[in-house]
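Read-outs throughout are calculated quantities, based only on the coordinates presented, and are distinct from any laboratory measurement. These numbers were taken from a predicted model, which means no experiment stands behind them. Cβ placement follows ideal geometry from the backbone for every residue including glycine, while neighbour counts extend to all protein chains displayed.
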Amino acid sequence: MILVATAWIMLLLVGGGIALDRVLTGAVTQNVDDQLDFLLTSMIVSAEVGPNGEVMFSRDLADQRFLEPNSGAYWQISGKGFDPFPSRSLWDRKLKVNAEVHDDRDLHIYESDEFPETTLRIAERDLKLPGSPVRWKFQVAQSRDPLDAQISVLRRTLIRSFLLLGLGLVMMVALQTWYGLLPLRKLRSEIARLRAGKSRRIQGAMPAEVAPMVEELNALVEHNDRQAEEARRHAGNLAHALKTPLSVIMNAAAAGQDDLAPTVIREARTMRRQIDHHLARARAVGRRGSAHSRAPVWPSVEAVERAVSRLYPNVRIDVDGQKDLVAHIERQDLDDLLGNLVENAAKYGGGSVFMTVSAQAGFVEIMVEDDGMGIPEADRIRIFDRGVRLDTGKPGTGLGLAIVRDVAEIYDGTVALEESEDLGGLLVRLRLPAAS
């Protein structure tokens, strides 16, 4: 930041300095040219034609430098057929006159190096005086040395001022950057303390510009802590759930029981149900909570409807509702939820399944209805427990609704069982937060 600011400041100062130098140099040079024009006009006003046709002044010019030899200020009047009429300051030298015939009726200013020790700035004008047929050339010259000295002083002052200004601006930028990034250095220290386990969250007052980031970091830390705690709890639950079946298998094997094979198969099924349940929940926990978790509902509804229709070709599945809703959930989890619900409805229903999608107060509500026997109200809470199955005559693990409930709760959603008024069977009402 400091290097970029320094480069930008220097670029602006150099550009501004060059522009200001041109303006000031032009102003000083224009001032000198105005003086030459004034002196030239004074010469012309004072000039008159003598008795022999020569040019003479009715009054002397007021500038004392014209009387001092080699003073740096000169004038000269030239005309065809007459010797040049010079100022005393020229002494034994003459100003060059362009041999070409040109009409300088307007003011003509140029520079000449005809004097070896200095460069002259010359103003000249051609005109005819009353009573004289000769075109006279009036010239006023001044050495550039005083002008160059003024420009040199001006440039030195300009460079020193801009260098001081640039140094001050760079120091101000450096101080501002250091002070502005001070909260980030403090935040880095707090994060280091957090990583070292010396604190559980970022503490201390922060500027208003950094405070939102600190809040988000603390929320992220809390979210990670919750996920870690849930992972530990799930691991503990899974270990506890597997402990009993393993003990039964080991006891049966140690005792040499005759029914060892059926016991192993039975307990292995129990372990498989527990593993499936905890893996599904762990996947949902690992994917939930991110702000970019978004899933269009209607494509999942259509995909599940096609998949279940192939598994149960004799079941009629109808879908209806809003097609533009988006839920705050991962697409895979949404597919798993709908797949469990629709497959249960097709498996345990009477041949008709109806899905409805709608928006309800910040939530996406999905209702799955069937025309089966339904579930008694007394069993609607118990059915969500792991391994509970009301109809044991059909294959299954008894984990479908338990997984649906757990995954929905992970995404701050709900699932409820009701009686379908239209089909007479079970109605499952799944509500998921709508994505903004």
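With r as the distance between the Cβ atoms of ARG195 and ASP259 and R0 = 51 Å, compute the FRET efficiency 1/(1 + (r/R0)^6) and round to 0.05. All intermediate terms of the calculation are to be shown ahead of the outcome.
On the way: r = 55 Å, r/R0 = 1.07.
For R0 = 51 Å, the calculated efficiency reads 0.40.
For the chain, find the longest principal axis of its Cα atoms and tell me its angle to the long axis of helix 297-311, 0 to 90°, nearest 10.
In the chain, helix 297-311 runs at an angle near 40 degrees to the longest axis.
Only one of the values (1) 1.11; (2) 1.56; (3) 1.05 was calculated from this structure for Rg/Rh (Cα atoms, Kirkwood Rh); name its label.
After the calculation, the listed value that fits is (2).
ARG266 to LEU181: FRET efficiency via 1/(1 + (r/R0)^6), r the Cβ-Cβ distance, R0 60 Å, to the nearest 0.05?
Values: r = 65 Å, r/R0 = 1.08.
Step by step, r from the Cβ atoms, then E = 0.40.
Can you give the angle from 0 to 90° between the axis of helix 211-255 and the longest principal axis of the chain, with both taken from C-alpha atoms, to the nearest 10?
Roughly 30 degrees, rounded to the nearest 10.
Just going by the charge dipole of the chain, with Lys and Arg at +1 and Asp and Glu at -1 on Cβ, which of GLY53, ALA261, VAL357 is farthest out on the positive end?
Checking the options against the dipole of the chain, the answer is ALA261.
Gaussian network model of the chain, Cα springs within a sub-10 Å range: biggest mean-square fluctuation belongs to which of HIS328, HIS223, HIS108?
Among HIS328, HIS223, HIS108, the largest mean-square fluctuation in the Gaussian network model of the chain belongs to HIS108.
Please report ASP320, ASP113, ASP126 as a ranked list, fewest other C-beta atoms within 10 angstrom at the top and most at the bottom.
Details: ASP320 12, ASP113 9, ASP126 17.
Least crowded to most crowded, the residues run ASP113, ASP320, ASP126.
If we count every other residue with Cβ under 9 angstrom of VAL304's Cβ, Lys/Arg +1 and Asp/Glu -1, where does the sum land? Working shown, then result.
Working: positive: ARG306; negative: GLU302, GLU305, ASP335, GLU343.
Around VAL304, the surrounding residues sum to -3.
Taking a spot 7 Å from the Cα of ARG156 along the direction of its beta carbon, which residues of region 120-146 have an amide N less than 17 Å from it?
Counting backbone N atoms under 17 Å from the label point, the list is 145-146.
For PHE57, PHE115, which order do you get if you count the other beta carbons within 10 Å of each Cβ and list the fewest first?
Working: PHE57 14, PHE115 17.
Exposure proxy ranking, most exposed first: PHE57, PHE115.
Mind jotting down the distance between the C-alpha centroids of region 335-352 and region 1-42, whole Å?
Centre-to-centre distance over Cα atoms comes out at 85 Å.
Compute the helix-to-body angle for 331-348: its Cα long axis versus the longest principal axis of the chain, expressed 0 to 90° and rounded to tens.
Approximately 20 degrees, to the nearest ten.
How many Lys pairs in the chain lie less than 12 angstrom apart by Cα atoms, where the lysines are 8 or more positions apart or on different chains?
Working: LYS80/LYS128; LYS80/LYS137; LYS96/LYS137; LYS128/LYS137; LYS347/LYS394.
Count of close lysine pairs: 5.
Rounded to the nearest 500, what is the 222 nm mean residue ellipticity of the chain from helices alone, with -39500 (n - 2.57) per DSSP H run of 4+ residues and division by all residues? It would help to have the intermediate numbers written out before the result.
On the way: 8 runs with 212 residues, N = 436.
Result for the chain: -17500 deg cm²/dmol, rounded to the nearest 500.
Sorted by average packing, counted as other Cβ atoms within 10 angstrom per residue and highest first, what order do 181-190, 18-27 take? Each step should come with its number before you reach the end.
Details: 181-190: 14.3, 18-27: 12.3.
Packing proxy ranking, top to bottom: 181-190, 18-27.
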